[in-house]
Every structure is written in C-alpha cells, then in structure tokens.
Amino acid sequence: MRPFEYFRPSSLADAAQLGAVSGAKYIAGGTNLVDLMKLGVEQPDRVVDLRDVLEQEIQELEDGSIRIGAGVRNTDLASHPLIRRQYPAMSRAIVAGASGQIRNVATTGGNLLQRTRCVYFQDVSRPCNKRAPGTGCPALESGGLSRGLAIFRTSEECIATHPSDLAVALVAFDAELALWRDGQERRLPLEQLYTSQESAPGRETILEPGEIITAVHLPAPVDGRRSHYVKVRDRASFAFSLVSVAAAVELDGDTVRGVRIALGGVASRPWRARSAEQAIQGAPATSANFSRAIRDELTTAVPTADNRFKLALAHNLVVSTLEELI
Amino acid sequence: MSIQAPERLSFIGRDIERVDARLKVTGRATYAYEYPAEHVAYAYGIGAAVARGRITGIDSSAAQGVEGVIAVLDHTGAPRLGETNNRELLVFQSDRVSYRGQLIAAVIAESFETARDASQLVSVSYEQDEHDVVLTEDHPASFRPEHVAYRVPEVSVGDVETALAQAEITVDQAYATAAAHHMALEPHASLAIWEEDQLTVFESSQYAYEARDVIAKLFALGPEQVRVINGYVGGGFGSKGSPRPQMVIAAMASRVVGRPVKMALTRQQMFPVSGYRGPTVQRVRLGANRDGELTAFEHRAAAQTSRLHDFAEPCTTGTRTMYAAANRFDTHRLTRLDVPTPSFCRGPGEAPGFFAVESALDELAIASGVDPVELRIRNDTTRDPSTGHEYSTRNLVACLEEGARIYGWSRRRNQEAEGWRTGHGVASSMYPTYQMPSRAAIVAYPDGTFAVRLAAVDIGTGSRTALLQIAAEQLQVPLARVNVEIGDTSLPYAVGAFASLGTASWGHAVHLAGREMRQLLEGTDTIPPEGLRVEVDTAEEIQARPAKANAAFGAQFAQVSVRRHTGEVRVDRLVGVFAAGRIVNPRTTRSQLIGGMTWGISMALLEETALDPNLGEYVTSDLASFHFASCADIPRIEASWIEEDDADINPVGVKGVGEIGIVGTAAAIANAVFDATGVRVRSLPVRLDDLLGD
Ligand SMILES: Cc1cc2nc3c(=O)[nH]c(=O)nc-3n(C[C@H](O)[C@H](O)[C@H](O)COP(=O)(O)OP(=O)(O)OC[C@H]3O[C@@H](n4cnc5c(N)ncnc54)[C@H](O)[C@@H]3O)c2cc1C
C-alpha cells in the first residue's frame, strides 16, 4: 500500500487545519475514497478522518428548514420521517443508489463529493483529461465508450457525469451547503458547488483546500408541493443512472404554480432544467406543455452517437414524471 | 461380513443438503489463496498498456527500492519456460505484447499491498504497432479453423441453396452476441510452494490433473513432481478449466525468491487475463414450407481469438442436433485479433448459437403463422439430423409441451398496464451429453466407514454431495459413513468439471468402484486395519457405449414487460423444463438450472464487456460497469424436469445440468420483447436504447 499519514482529529478546527495542506484528503464513510486509493486514482499523502467531527443529526429549524449533518449516513437520511414525509423525492433518490450495505456507511457529505464512474477515469493506465490533464479523452473519440456519459457539455475535454442520485434531488429542492473554513461557516447553494469545469475538468468543485462540508440545508417545505425521483438504469438495482429526474410541482387548479426539474446522468453536475421550468411555470399543466418545454431544454444538448438515446429518454422521463405529479 | 441393510437404501434422487454448505457459509471451507504458508510472499501482475507492440524497456529500479519488495520479474530476467500448446502461459518469455492488459511483469513483495503499490512505480516503454481488435462478419483475415472445441468446423448435408430457392418461406438474418466475462466470485488465485524439485500448487482450478500436467511441462518436471490441490473453488464457468498466467507466475516467482508465493488476479485484471466469451456475428438462413416444416437450415458463425492461442467459440455445433431439415449447412470463421484469448464459458457455442437459431425460428413462426411451440414440435426428429444416429433419449417435445402447460402458453395475452407492455416468448434448449474417462478408489475401513477418492472437483455445483449419494447408494450404507475426498492430484485421476460432464463421468467411476467394493466385501470376513481398497477406470465402458446421439433438451418460456416511454425491460417470469437424464439431487439440480437461466437473463439484457477500439481494450473492467443481473432483476424462475431413464449414456443415467439452463434463454427473452413491442433485436444485449422510440 502506498504509505500515507492518518489523522483522526476531534475538532473541526483541527480537521480543517490538517486538511488544508496539499496532498491531504478527508475521509468520511470511505466507500468512494478507499476504492479510488486502491486503484491509484487518488493518492493522498495524508488522510484526515472526519468521523469524530461531523454532525450526525437531522434537525428541523425554527423557520421550517431542515439541517442535515454532513455525517448523517445515507440510510438514516432516507428513512428519516421528516424527509420521507416532506421531501419524498430525496428518500427515493437515496435508496435508488448503491446498495444497502454501502448506504449504511456512506455519508451525506461524501455522497455529494463522490467522483465520476467513467471507466477511463477509474483506470490509471487509460488516458483521462480529468485525472491526468492533457492526456486526452477516449470517450470523445469515435468508438469510445460514452453510452453512460453526459449529453450536456460543460467542458470540451471531458463528458464524465456526476454519479450522485442524492445530489440531483437536493439540487431540485434548492438545497444549500454549510461549509467550514478558517473558523467560519459559509452557505453556498449546492448547485454552485460544482464548477462549470470549462478549463479544468479535474477541478470539480469550488471547495477551497481544507474546506469541510458540515451540513446541508433544505428550505422549508412548500404547501401543496408533490415531488418524485425516477431513475432509469440498465438493471433494476445497484447501478448508476443512465438518466434520472427529480421533480416537484405545485398546482393552482390546472395551472402550474411552481415546478422544479433536475436531471441526473446527463452532465458533469446535477442538471437543473431551468429553461424548461420557466416555460412550464404559470402555464396549464398539460403533457404537451411539459413535452415542449423539455424538448427546448434538450436542444442545447450535444450527445455522442453512443448516448443519443438519452435525449428521448430524458424527454420521456421528465414528461411522465410530471404527469404523475399532477 | 455383510453390509447389506435389511431394506434397500436409496440416495439418488433425494433432496439432500450440500455436505459442505455449513463449512462454506461459516467461512471454513479453504480456497486456494487462503491456505496458510510459512514465510509467504505475494506477487502482483503488471499489465501491458498497449494492445500490440514490443516492450523496449522496463525500469523497475524505483519499485525495487520500495521497502518490502523482494523482486521484480519481467522478460529480461525471468527463468525460461518449457513447452506448452497455449502461448498465453509463456509469461515473461518475450518482449512482444499481444493484447492490452497482458501480464508483462510482476512485483513480488512481503505483502499484497506493497506489491500493488510498487507495481505503479515500474515504468515500461513500448514500440507500439497499430492494432486490430474489432471482429466483423467477413474480416479479411478470417479463416475456417481446423476444429471448434474438438469438433469439425463445418457440416454439410444435402443442398441448402436449392432448398432455399424452392422454399415457400425463408428467413435470412444476421445476429450478434456481445463479449462477456465469466467473473466467478473467487478470483483466479494460486499458492505455489517448492520443496526442492517438488512443486505444490493450491489452485483455483476446474481440472487439477490438467493444471498439473501443464505446469509440469512448463517447468520441465515430471508429472509426479507436481501436486495440484483444488479443494474448494468459488465458481469457474469455464475460466478455470485450464491454467491461467497467474499460476505460472506464482510457480516461477516462488522458484526465484525461494519462498512460497501467492498470487491472485484483481477483479480488474480478470478481464484481460482470465478468458471470456468472445463476441460472435452469426447468420441464419431457414427455408420452410407453408406449414413451417423446415427444408433448409443454414447457420454461419464468426468469432475472434487472440494471436497467442486459437479458441473458436463452437456456435453452430448445437444446431446440428436440432430440427429435422433435410438440407443443412453450418460453418465457422475465426479471426485472430490483438485481443485477450477467449475461452470456454458456460454453454460455450450453444449459448450464443441458440440465441441466433431460436430467434430465427421465432421469425419463421411469425412468417408462417405457426405457433412457435407447435413449430418446434413439428420440426422435431428422433435421429441426429447430421449424423443419422438415433438418440439414446430425446425429449424436446415433452419439454415444450410440459413447459407450455406450466406457463399457460395457450392462454397468454399481450397486456398494457401503467405504461408497461407484456409479451411472451419461447425457445428450445439443448446441451450435448459428454463423458470422459475417470478413475475412482474406495477404501473400506474396519469401523464401517468408507473413503471415496478421486481428483474430482466441486466448483460450487454440489458435486461433492452428488458423488456421496452415488457412493452410498452403491455401498448401501448411510451417508454419514462415507467420506468423499476430492480436489487433489494425489488422488486417482479424474477429468475436470466442464462441459456438464463432471457428475456423469465421476459418478460413473464412483458407481463402478462402489459396486466392486460391495462385491469384495461380500466375500470378506474382516477388514484389515489399513482398510480394503478398490480402484476402477471407466475408459473401457465408455469406449463400449453404443453409437448413439446423446443430449439433454429443454424448453424455456419468458414473460417480459417493456416500459413504453423508457424502453426498460423486466423479465416477469421464466419457466424452464428440461430432460437431462437422471437427477441425482433435486436441490442442487434446481440451483444449477436456475443459475443457468439467471445467466441467460444477464446475457439477454445486460452482459457486454465493452471494447474501446482505439485503446484496444475491454474497458468495462469492473463490476460497477460490467453488468449482470442483480437480485432485483430476477423474477419468478420455475425450473423443473422430466426424468429420463437412459442406460446408454452411463450406469447412473446422468446427463449433466450445469449448462443447459443458459441455452435458449436469451432467445426466449428477445422473442418475448418482440412480442411485446414489435421490435426485433438481433444483437445482444437487448437494451432500452433499442426500444426507445423518439
Ligand atoms: C458499488 C457502488 C455502487 C454505488 N452506486 C451508487 C448509485 O447508484 N448512486 C449514488 O448516488 N451513489 C452510488 N454509490 C456511491 C456512494 O453513494 C458513495 O460512495 C458514497 O455516498 C460516498 O460517501 P462516503 O461517506 O463513503 O464518502 P468518502 O469515500 O469518505 O468520501 C468521498 C469524497 O468526499 C470527500 N469528503 C467526504 N466527506 C466530506 C466532508 N464532510 N467535507 C469535505 N469533503 C468530504 C472525501 O475527501 C472524498 O473525496 C455507489 C458506490 C459503490 C461502491
């Protein structure tokens, strides 16, 4: 094993300090980091264990919002009564991912920062602009494997997707992160965590060295909102999404008062379909409107020959999910 | 002395729990990598980073400098190896690279982790040549191989062209199946220990004697200088039928460093190094009259192999035993590419071949308007249509009829509910009945116990239990008084576990030995302390069998649902009825059949090891990206059988059940998808991409 230093700090301040040096990595559940270390994809010199410093609670705050500690296990989050009742799409998103064993260990913070499953990224003998800048992207070559990869391009050099299901649901609900650095907590909309990656596909988030995700904030539930998460994958369980959708709708009679649509499996980050939302909002809740709106959103997509099917899949999935919610 | 119990004891056909079930679920069954060895070292392999070329330099100085590294082996310093007919095993003997991922060096260290870490510090330079890794139907370099899995590559009967020209109905279609890897739960692993010129290898092997002989030749030893132990094996599916490079590396490394050496392939390394079912491109042409009676049957298959060793997936050999068409032709083409060597994989030939043929039969059923079950019954035969030999037993029709009854075929409906459309499909199954010579010894002890000894192997199928049942039945003693000892070349010769011939071949030997022992005991008063021993060989009896065609048959029925707006396919129900001779143990038999059918679902809907033609590599090289069915994908699978009494094949009447379950499944499912959607997918796996309209 490649030698590394291991620390298990007991305060956030110590953790942040230990994690700020280059070559340091935080570890929470370890279900992603340890795999990548075995593969040589991650090669930290120092591993800082967050188990004793991360919040483990889910609390309802006075304004009705919910604070989820970054250390809360995926299983506990999915099965929490508040979440199941008020944010069912989130519960569904979590249990649609990984396996029971993995969810029992995986944490909320770690889930959001897990790395892509692109087969070129995962094997150090293969070229990969994300892992080894400048070496090329086999997925973008003709014949390369891109079936599972992005149709919305955020970079010319990489079409890897972000694999998290939870993040898709959280983005749909306008979740915010609580980040901790230099003794201070700052808030950041989750959607802004993920960089556009234009210049550097290896830099996936805007986190500063040493910065720790301490919690996720969910805005207070909206009256009359219904939400759903639907994931399509090649097998019934234990697979990453080809396309997934988290959607929430509030109706005013037959008119859409509010709508949120986030797509997974289509981009380097959870894809909030804002132009589709705008087109649907305030309009009659009809399949034709949904279809037109998402079709327009998808016109900016640039699929490969291998993943062109995702256009039809994303379209159909959004329409049928919204239909179920009205 | 008489060991005859007052009433005849009967064990064959009884539902008996595996004798090693408890050991396995409590983790006490010892697999190759788990044997303790003093002062053991660990080897980790390094794969080539180009698909074709020459190694121009290997710098392992940085790796050598890592604390705990004992040695680095590569072609520049590795000991020379002896003879082999499989050049995959000539590890570190030359600077040539024949496929990406081929093991070209190994680090030997005090721990697995150190070896793996140091392997990343070995830098290799190459002179890279242009590679060719893509199989096509008519690749310019293709040729007709001399044989396909020990059989002739081509059979021609009558005149197919004329029959096709005169046929009232024809089907002419191309089909393709994907490359797929076996991925046994236990990775390929070896522990090699030298004691002077004696080599012992604990090996994850389906065939200990074969492994012994191959290794002995490579190291210029006599077979008696090598002992191979394969007491427990965690699945093989054909990938452990003959030794893999890690066995040679472990033995070589152990010799070099003078310590026992363990080597296991990682899951990722198993993709290039452990064999796979190669992709196939096939063409089927059928000619029939209006009633669906076949007059012409043609099946052509193209497969790939590596540049190191010829392995030709025998796709069309199973077709030779199916339907009664007077004019028939089947042939194979093989292309050598810069890819890893494919290998036998559960239902080799039959599994991909029957996807093509049984899909084509469905197309004929549609074209002729004859019910697909009836169509198959109408074209049944009592003689092997390519040799004219009579079948010892052939119960295809009974399987189709019984399957149709269980399934409710005549009452099937296409339904649509909540966006899911259902469809139904059927296909025939067949697996040839093979048998190979084996020996077995039985020792009787004064305390009334018996030891049954032969170098058979239980790769997870339950053969240890089946052999116990066969022995106890012959000896007429309770199961608890018989110990079955297998998995070691210090035991009498036995053939390996492959081609569904294990229980038939070993059972035959155990049956004979048991009978001989019973006769011996009938004339014996006291058993000496060292026991009484008999040993038999089945070679003569096998030679003397009548010239008949022998095969197991079956029929599979599938119900699928296809989601209209996403194209997702779910198998709702699978019914399989098989006729596979005498069933020794219904519990382990059902497991084998259900296991095979589960493989069939994976083959139909999921399995494809994706090739990157530019890198020249199978890139979905882990179990997160190479998909097979998860538990949630597996519906109600109903496997049952029609018992057969077939004394012509062997005295126990066993045909073998390990492989037939996967044969035809993929076609039944693809046919059901067609029934549900009207979309005929002729290239496996069937994916939502194919079914998703715009
Ligand atoms: C076989 C398999 C299948 C899977 N399938 C799915 C799936 O279908 N859908 C899905 O969404 N996920 C899936 N996963 C991924 C799984 O959800 C993640 O591995 C898990 O959520 C990561 O959480 P963790 O706590 O174990 O993270 P770790 O592995 O501990 O950490 C992951 C990354 O986050 C960083 N990190 C962790 N916590 C913090 C923090 N608080 N602050 C700052 N940085 C932090 C670490 O440094 C590391 O870089 C699968 C995983 C496996 C192994």
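The values are calculated or read from the model by the stated rules, or taken from the named source; none is laboratory data. All figures in this text were calculated on a predicted structure; none of them were measured in a lab. Here the Cβ is made from the backbone with ideal geometry for all residues, glycine too, and neighbour counts use every protein chain on show. For the accessible areas, the whole protein counts, side chains as well, though only heavy atoms, and no ligand, DNA or RNA atoms are used. Shrake-Rupley method; radii C 1.70, N 1.55, O 1.52, S 1.80 Å.
Are any residues in the range B:143-162 under 17 Å from B:Arg320 (Cα atoms) and either in contact (Cβ under 8 Å) with a residue 24 or more places away in the chain or open to solvent by less than 60 Å² (accessible area, probe 1.4 Å) (or both), and if so, which ones?
B:His147, B:Val148, B:Ala149, B:Arg151, B:Pro153, B:Glu154, B:Val155, B:Ser156, B:Val157, B:Gly158, B:Asp159, B:Val160
Which fully enclosed helices (runs of 4 or more DSSP H) of the range B:338-444 have 1 or more residues being among the basic types (Lys, Arg) and modelled with pLDDT of 95 or more?
Correct list: B:372-378, B:396-407.
One residue is enough: does the range B:518-537 have a residue meeting the conditions in a helix (DSSP H, G or I), surrounded by 23 or more Cβ atoms within 10 Å (Cβ to Cβ) and among the aliphatic types (A, V, I, L, M)?
No, because not a single residue in the range B:518-537 is in a helix (DSSP H, G or I), surrounded by 23 or more Cβ atoms within 10 Å (Cβ to Cβ) and among the aliphatic types (A, V, I, L, M).
Identify, please: which residue in the range A:84-118 is more than 10 Å from the ligand (Cβ to nearest atom) and of a type in the set (Ser, Thr, Tyr) and is, among those, farthest from A:Leu145 (Cα to Cα)?
Once the filter is applied, the top-ranked residue is A:Tyr87.
From the list B:Ile642, B:Ile634, B:Ile660, exactly one residue is away from every other protein chain (no Cβ under 14 Å), of a type in the set (A, V, I, L, M) and surrounded by fewer than 22 Cβ atoms within 10 Å (Cβ to Cβ). Which is it?
Testing whether each residue is away from every other protein chain (no Cβ under 14 Å), of a type in the set (A, V, I, L, M) and surrounded by fewer than 22 Cβ atoms within 10 Å (Cβ to Cβ) leaves just B:Ile642.
Within the range B:487-502, work out how many residues are in contact with a helix residue (DSSP H, G or I) (Cβ under 8 Å, 6 or more places away or on another chain), over 12 Å from B:Arg439 (Cα atoms) and among the hydrophobic types (A, V, I, L, M, F, W, C).
1
Give me the residue from the range A:223-237 that is more than 16 Å from the ligand (Cβ to nearest atom) and in contact (Cβ under 8 Å) with a residue 40 or more places away in the chain and, out of that set, most open to solvent (accessible area, probe 1.4 Å).
My answer is A:Arg226.
Determine whether the range B:391-412 contains at least one residue that is buried (at least 23 other Cβ atoms within 10 Å of the Cβ), out of contact with any strand residue (DSSP E or B) (no Cβ under 9 Å at 6 or more places or on another chain) and touching a residue at least 40 places away in the same chain (Cβ under 8 Å).
There is no residue in the range B:391-412 that is buried (at least 23 other Cβ atoms within 10 Å of the Cβ), out of contact with any strand residue (DSSP E or B) (no Cβ under 9 Å at 6 or more places or on another chain) and touching a residue at least 40 places away in the same chain (Cβ under 8 Å).
Quick one: count up the residues across the range B:186-230 that are of a type in the set (D, E, K, R) and in contact with a Pro (Cβ under 7 Å, 6 or more places away or on another chain).
2
Residue-wise test of (1) within 11 Å of another protein chain (Cβ to nearest Cβ); (2) surrounded by fewer than 17 Cβ atoms within 10 Å (Cβ to Cβ).
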{"residue": "A:Thr108", "(1), (2)": "no, no"}
{"residue": "A:Asn111", "(1), (2)": "no, no"}
{"residue": "A:Tyr120", "(1), (2)": "yes, no"}
{"residue": "A:Pro133", "(1), (2)": "no, yes"}
{"residue": "A:Pro138", "(1), (2)": "yes, no"}
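Would you mind telling me which numbered condition in (1) open to solvent by 40 Å² or more (accessible area, probe 1.4 Å); (2) more than 14 Å from chain B (Cβ to nearest Cβ) A:Val259 fails?
(1)
Quick one: which of A:Ala89, A:Ala24 is touching a Pro at 6+ places or on another chain (Cβ under 8 Å), surrounded by 18 or more Cβ atoms within 10 Å (Cβ to Cβ) and in contact (Cβ under 8 Å) with a residue 40 or more places away in the chain?
Exactly one residue qualifies, and that residue is A:Ala24.
Given the residues B:Glu83, B:Glu127, B:Glu67, which is the only one that is within 14 Å of chain A (Cβ to nearest Cβ) and either modelled with pLDDT under 95 or surrounded by fewer than 23 Cβ atoms within 10 Å (Cβ to Cβ) (or both)?
B:Glu67
Which of (1) part of a loop (DSSP other than H, G, I, E, B); (2) without any contact (Cβ under 8 Å) to a residue 60 or more places away in the chain; (3) among the charged types (D, E, K, R) is the odd one out, the single condition B:Arg22 does not satisfy?
Here B:Arg22 meets the rest and fails (1).
Are there any pairs with C-beta distances below 7 angstrom linking a residue in the range A:106-124 that is β-branched (Val, Ile, Thr) to a residue that is away from the ligand (no atom under 13 Å from the Cβ) and open to solvent by 20 Å² or more (accessible area, probe 1.4 Å), with the two at least 6 apart or on different chains, and if so which?
Pairs found: A:Val119/A:Leu145.
Yes/no per residue for (1) open to solvent by less than 30 Å² (accessible area, probe 1.4 Å); (2) away from chain B (no Cβ under 14 Å):
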position: A:Ala175; (1), (2): yes, yes
position: A:Arg203; (1), (2): no, yes
position: A:Pro221; (1), (2): no, yes
position: A:Ser241; (1), (2): yes, no
position: A:Trp271; (1), (2): no, yes
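Are any of the residues in the range A:50-66 modelled with pLDDT of 95 or more and within 14 Å of another protein chain (Cβ to nearest Cβ)?
no
Within the range A:2-22, is there a residue that is more than 11 Å from the ligand (Cβ to nearest atom) and at positive phi?
So far as the range A:2-22 goes, no, none of its residues is more than 11 Å from the ligand (Cβ to nearest atom) and at positive phi.
Can you report the number of residues in the range A:238-259 which are in contact (Cβ under 8 Å) with a residue 12 or more places away in the chain, away from the ligand (no atom under 16 Å from the Cβ) and in a loop (DSSP other than H, G, I, E, B)?
Number satisfying all stated conditions: 1.
Pick from A:Arg115, A:Arg73, A:Arg46, A:Arg103: which is away from chain B (no Cβ under 14 Å), within 16 Å of the chain's Cα centre (by Cα), of a type in the set (D, E, K, R) and open to solvent by less than 60 Å² (accessible area, probe 1.4 Å)?
Result: A:Arg103 is the single residue among A:Arg115, A:Arg73, A:Arg46, A:Arg103 that is away from chain B (no Cβ under 14 Å), within 16 Å of the chain's Cα centre (by Cα), of a type in the set (D, E, K, R) and open to solvent by less than 60 Å² (accessible area, probe 1.4 Å).
Of the numbered conditions (1) open to solvent by less than 50 Å² (accessible area, probe 1.4 Å); (2) within 13 Å of the ligand (Cβ to nearest atom); (3) part of a loop (DSSP other than H, G, I, E, B), A:Gly64 satisfies every one except a single condition; which is it?
Condition (2) is where A:Gly64 drops out.
Which one is farthest from the ligand (Cβ to nearest atom), of the residues in the range A:28-54 that are in a loop (DSSP other than H, G, I, E, B) and in contact with a Phe, Trp or Tyr (Cβ under 8 Å, 6 or more places away or on another chain)?
That would be A:Asp45.
Within the range B:567-585, does at least one residue satisfy the condition of being more than 14 Å from chain A (Cβ to nearest Cβ) and basic (Lys, Arg)?
Yes; the residues of the range B:567-585 include at least one that is more than 14 Å from chain A (Cβ to nearest Cβ) and basic (Lys, Arg).
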